[in-house]
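Asks: Below: one structure in structure tokens.
The values are calculated or read from the model by the stated rules, or taken from the named source; none is laboratory data. Values in this document were obtained by computation on a predicted structure and should not be read as measured data. Here the Cβ positions follow ideal geometry from the backbone for every residue, glycine too, while neighbour counts run over all protein chains shown.
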Amino acid sequence: MPDRRIEKLRLERLYQARQRSTAMKDRHVLVLGSDYAFVCHEAVHQRAARVVLLTEAKNGASPEMEGVETLSGDLTVLEDATFDVVFFPQAHERKDLGEVLTRLKALLRPKGVLVLEVACNTTGAAIQWAVIGDGPSRRRYPSARLLEMVLLKDFAIRRVGQGVLRNDDNVAQTIFHCSLLQGTALLISGRSGRGKSNLLRLFKSEDLPTVSTDTILWQLYMTEGAPERSLSARIQAEIGDGPTFWGRVGQMIVADPELTEAFCHLLLETCPLEARAFVLEGEILRHEVLAQRLTALLDAHNVRVWAVTPRAVHSA
């Protein structure tokens with residue numbers, strides 16, 4: 001029978017768990033330390049694609065389990081591996097907890113989840129460590145606010161319940177699901193003259209990164225040696241010696257799948273994906289075929305998209 005403690009880890013909340021026959025099926029799973037050895041057995045039972053148990057070398061020989069890759073050492077032994085689920089029990093015991101969490105961020109895939117069990121005070125507003133004991137038995141535990149505001153600042157955090165393990169000081173243990181904090185792209189679209197530039201100016205005053213598709217189209221039209229030369233040539237041919245109507249240029253681009261793909265990838269290269277949030281504005285974004293493709297590309301880079309369009313005013 002599977003270990004009943006697995007239920008408390010709330011694995012049904014993993015990304016797309018409901019679309020799988022089991023929560024860990026086909027996922028790459030990393031378990032830190034032997035305290036969660038039962039998770040390794042369950043991951044194999046659920047037909048995970050890869051299961052790795054990483055223990056510290058100082059603890060001696062690691063247990064051998066069928067279907068589990070057992071490694072000893074620190075996180076560097078994993079080299080360039082990445083994981084969909086990382087289990088980190090007794091996190092409070094690590095004196096270098098902040099450094100370990102930073103390294104784990106690099107090991108998580110974009111939709112991955114860090115299942116963290118840690119002893120902490122989940123009440124109160126203190127952002128500090130609680131120190132207990134003296135001499136060799138001196139230990140410290142983070143407050144929940146310290147976890148949220150400092151140690152896990154690069155993660156979105158969800159408290160899912162009580163922990164399954166215990167500690168020497170009987171401090172309550174809590175399980176958190178932590179996912180990489182997503183960037184946010186605000187897409188502002190609409191026909192010319194509806195106030196997009198006015199709204200964009202407001203965001204600029206708040207020092208939020210902003211990108212204008214019209215500016216990119218202008219650079220493709222005017223700049224020699226511009227990226228996407230085939231796209232640039234088509235824009236120049238479309239405009240010719242006439243006025244620059246970007247609405248007409250946008251219609252030309254979305255009518256051709258190859259041009260749409262090229263322009264979306266150029267936007268992806270141009271946008272500051274590293275920022276927590278940025279604004280992308282332009283009339284061309286109102287075309288659903290382009291907006292959907294761009295949204296898919298941004299999602300693959302762990303950027304969530306919010307779309308904004310002006311509401312029409314109707315006369316009585």
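Asks: Residue 239 fails exactly one of the following numbered conditions: (1) buried (at least 18 other Cβ atoms within 10 Å of the Cβ); (2) out of contact with any strand residue (DSSP E or B) (no Cβ under 7 Å at 6 or more places or on another chain); (3) of a type outside the set (Lys, Arg). What is the number of that condition?
Replies: Here residue 239 clears every test but (1).
Asks: Given the structure, is residue 197 modelled with pLDDT under 75, polar (S, T, N, Q) and surrounded by 13 or more Cβ atoms within 10 Å (Cβ to Cβ)?
Replies: yes
Asks: When you scan region 270-300, how many residues do you find that are in contact (Cβ under 8 Å) with a residue 60 or more places away in the chain and closer than 19 Å to residue 247 by Cβ?
Replies: Total satisfying the criteria: 9.
Asks: Same structure again: Does residue 42 fit the bill of being assigned by TED's automatic domain parsing to the domain that holds residue 111, without any contact (Cβ under 8 Å) to a residue 60 or more places away in the chain and surrounded by 14 or more Cβ atoms within 10 Å (Cβ to Cβ)?
Replies: So residue 42 fits the description; yes.
Asks: For region 137-178, which residues satisfy the criterion of being among the hydrophobic types (A, V, I, L, M, F, W, C), surrounded by 16 or more Cβ atoms within 10 Å (Cβ to Cβ) and closer than 20 Å to residue 34 by Cα?
Replies: 164, 175, 176
Asks: Is one or more of the residues making up region 179-194 surrounded by 19 or more Cβ atoms within 10 Å (Cβ to Cβ), touching a residue at least 60 places away in the same chain (Cβ under 8 Å) and on the phi > 0 side of the Ramachandran plot?
Replies: For region 179-194, residues surrounded by 19 or more Cβ atoms within 10 Å (Cβ to Cβ), touching a residue at least 60 places away in the same chain (Cβ under 8 Å) and on the phi > 0 side of the Ramachandran plot: present.
Asks: Name the pairs: first residue in region 82-104 and free of Cβ contacts under 8 Å to residues at least 12 places away in the same chain and under 17 Å from residue 14 (Cβ atoms), second residue of a type in the set (S, T, N, Q) and surrounded by fewer than 22 Cβ atoms within 10 Å (Cβ to Cβ), Cβ to Cβ under 7 Å, at least 6 apart or on different chains?
Replies: So the pair list comes out empty.
Asks: Determine whether residue 235 is in the same structural domain as residue 197 (by TED's automatic domain parsing) and at pLDDT below 90.
Replies: Taking the combined requirement at face value, the residue satisfies it.
Asks: Filter region 1-34 down to the residues that are within 20 Å of the chain's Cα centre (by Cα), surrounded by fewer than 16 Cβ atoms within 10 Å (Cβ to Cβ), part of a helix (DSSP H, G or I) and not acidic (Asp, Glu) and list them by number.
Replies: Selection gives 13, 18, 19.
Asks: Then there's this: Among 13, 50, which is under 27 Å from residue 144 (Cα atoms) and in the same structural domain as residue 166 (by TED's automatic domain parsing)?
Replies: Only one candidate passes the filter, namely 13.
Asks: Kindly indicate the residue of region 46-55 that is under 22 Å from residue 163 (Cα atoms) and surrounded by fewer than 23 Cβ atoms within 10 Å (Cβ to Cβ) and also nearest to the chain's Cα centre (by Cα) among those meeting that condition.
Replies: Only one residue fits best here, namely 52.
Asks: For the condition farther than 25 Å from residue 108 by Cα and in the same structural domain as residue 107 (by TED's automatic domain parsing), what is the one hit in 159, 201, 139, 145?
Replies: After ruling out the rest, the residue left standing is 139.
Asks: If I ask for residues that are assigned to a helix (DSSP H, G or I) and either surrounded by 15 or more Cβ atoms within 10 Å (Cβ to Cβ) or of a type in the set (Ser, Thr, Tyr) (or both), which ones from region 99-136 would you list?
Replies: Listed by number, the residues that qualify are 100, 101, 102, 104, 105, 107.
Asks: Here's something else I'd like to know. Assess whether residue 44 counts as being among the hydrophobic types (A, V, I, L, M, F, W, C), over 23 Å from residue 180 (Cα atoms) and touching a Gly at 6+ places or on another chain (Cβ under 8 Å).
Replies: Against the criterion (among the hydrophobic types (A, V, I, L, M, F, W, C), over 23 Å from residue 180 (Cα atoms) and touching a Gly at 6+ places or on another chain (Cβ under 8 Å)), residue 44 qualifies.
Asks: Here's a follow-up. Go through region 206-305 and tell me which helices (runs of 4 or more DSSP H), entirely inside it, have 3 or more residues that are touching a Cys at 6+ places or on another chain (Cβ under 8 Å).
Replies: Filter on region 206-305 gives 288-300.
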